[in-house]
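Read the structure below first, then the notes.
Quick note: the coordinates plus some simple rules give every number you see, no bench work behind them. As the structure is a prediction and not an experimental result, all values here were calculated from the model. For neighbour counting, all protein chains shown are included, and Cβ atoms are generated from backbone atoms with ideal geometry for every residue, glycine included.
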Amino acid sequence: VRSASGKSPQQQQQVRLPMYCDVYTPNAEPSLYEEIVSVDRLAELCRGHQAEYNDVHMPMNLVLFEDALGHVCRIARVLRQPSGNALLLGVGGSGRQSLTRLAAHIAGYEVFQIEITKNYGVREWREDLKTVLKLAGYEMKNVVFLFVDTQIAEEIFLENVNNILSGGEVPNLMDDSDLGVVYEKMTPLVAAAGLPASKANLNSMFVRKVKEHMHVVVCMSPLSGDYTSRIRQFPSLINNTTIDWYSAWPPDALKA
């Protein structure tokens with residue numbers, strides 16, 4: 001059986017869609033967004049990054065088959081974009097978190113993720129949000145805030161993530177002591193921009209730095225019963241992210 005193109009179904013399955021990334025040429029400044037000529041070479045490069053990651057973090061034993069490499073390339077590309085955020089849609093165990101960690105390492109960013117415990121609640125969540133916002137806002141570190149739908153102990157968690165995606169801040173999150181440090185750190189930046197050191201300008205500069213240095217990656221399962229209602233209730237999950245779908249792994253993944 002042959003299609004109109006003259007190729008059999010077996011031959012058609014072997015045709016690879018074009019793949020592009022900005023990690024194919026290491027140490028390029030600025031990074032080059034180019035077509036991947038050799039998947040094997042890309043896999044070798046990513047395995048090298050994985051080994052570097054495993055030297056300093058909890059080791060990840062990943063099998064980098066072609067479909068997984070495609071996800072790594074897409075996530076790394078999104079993270080390098082100004083205000084680049086991602087929504088990864090797939091079932092649990094599809095590699096969303098691990099591939100995000102690898103992509104963040106390739107991009108040179110650190111990953112921040114909350115740790116849900118028995119007593120983890122809104123208070124602990126707010127403290128974690130302060131920590132990651134300060135990392136990005138006045139320490140100006142490139143940080144990936146990795147958040148999974150299984151960590152939504154309270155709906156306020158997702159509401160706050162929605163606020164960060166839409167505006168770069170969470171209303172009424174920081175008290176006077178926190179804001180005092182923020183304003184102190186932002187004062188030289190506001191002065192360098194030729195603006196008066198008003199609270200509005202100081203806060204605006206902080207939000208700008210958060211948007212510049214912080215990247216949110218949300219992992220959700222479309223099979224979750226709350227998925228549809230949450231997407232409708234918090235539109236920034238769609239409007240302010242790039243979506244990457246995780247389909248069922250192909251046969252070559254099992255072989256690998």
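Direction-averaged projected area, Cα convex hull, region 116-256: 11.2 nm², rounded to one decimal.
For the chain, the number of Lys pairs separated by eight or more positions or lying on different chains, with C-alpha atoms closer than 19 Å, is 17. Residue by residue, region 204-210 carries 3J(HN,Hα) couplings of 5, 5, 5, 4, 4, 5, 4 Hz when phi is fed to the Karplus relation 6.51 cos²θ - 1.76 cosθ + 1.60 (θ = phi - 60°); x denotes Gly or Pro.
For the chain, what is the mean residue ellipticity at 222 nm derived from helices alone (per DSSP H run of n ≥ 4: -39500 (n - 2.57); sum divided by total residues; nearest 500 deg cm²/dmol)?
Working: 11 runs with 126 residues, N = 256.
The helix contribution divided over the chain gives -15000 deg cm²/dmol.
Mind listing P(r) for region 64-128? All alpha-carbon pairs, 5 Å bins, whole percents. Result returned by the calculation: 3, 15, 23, 19, 16, 14, 6, 3, 0. Sorting 51-57, 144-150, 88-94 by their mean Cβ neighbour count within 10 Å, with the most densely packed peptide first, gives 144-150, 88-94, 51-57.
Of all DSSP beta bridges located in the chain, what percent are antiparallel, nearest 5? Taking every DSSP beta bridge with both residues in the chain, the antiparallel ones total about 10 percent.
Between 0 and 90 degrees, the angle of helix 96-107 with respect to the longest Cα principal axis of the chain falls at about 80 degrees. The alpha carbons of region 46-100 occupy a box of 29, 26, 20 Å along the principal axes, longest dimension given first.
Counting Lys and Arg as +1 and Asp and Glu as -1 over every other residue whose Cβ lies under 12 Å from the Cβ of residue 83, the net charge comes to +3. Angle of helix 66-79 to the longest C-alpha principal axis of the chain, folded into 0 to 90 degrees and rounded to 10: 30°.
The separation of region 181-238 from region 116-149, counted between C-alpha centres, amounts to 12 Å.
Rounded to the nearest 20 debye, the dipole magnitude of region 119-177 is 220 debye, with +1 charges on Lys and Arg beta carbons, -1 on Asp and Glu beta carbons, and the Cα centre as origin.
When the Gaussian network model of the chain links Cα atoms closer than 10 Å, the mean-square fluctuations of 98, 38, 166 top out at 38. Neighbours of residue 145, meaning other residues whose beta-carbon lies under 11 angstrom from its beta-carbon, give a summed charge of -2 when Lys and Arg score +1 and Asp and Glu score -1. For P(r) over Cα pairs in 10 Å bins from 0, in percent, one of (1) 7, 27, 25, 19, 14, 6, 1, 0; (2) 7, 30, 36, 21, 6, 1, 0; (3) 6, 26, 32, 22, 10, 3, 1, 0 was computed from the structure I shared and the rest are decoys. Which label? Structure-derived value, by its label: (3).
Rounded to the nearest 20, the Cβ-based charge dipole of the chain about its Cα centre (Lys and Arg +1, Asp and Glu -1) stands at 560 debye. The local environment of residue 243, defined by Cβ-Cβ distances under 14 Å, has a net charge of +2 under the rule Lys, Arg +1 and Asp, Glu -1.
Rounded to the nearest 10 degrees, the inclination of helix 176-192 to the longest alpha-carbon principal axis of the chain is 80 degrees. The equivalent ellipsoid that matches the C-alpha gyration tensor of region 63-195 spans semi-axes of 29, 21, 11 angstrom, in descending order.
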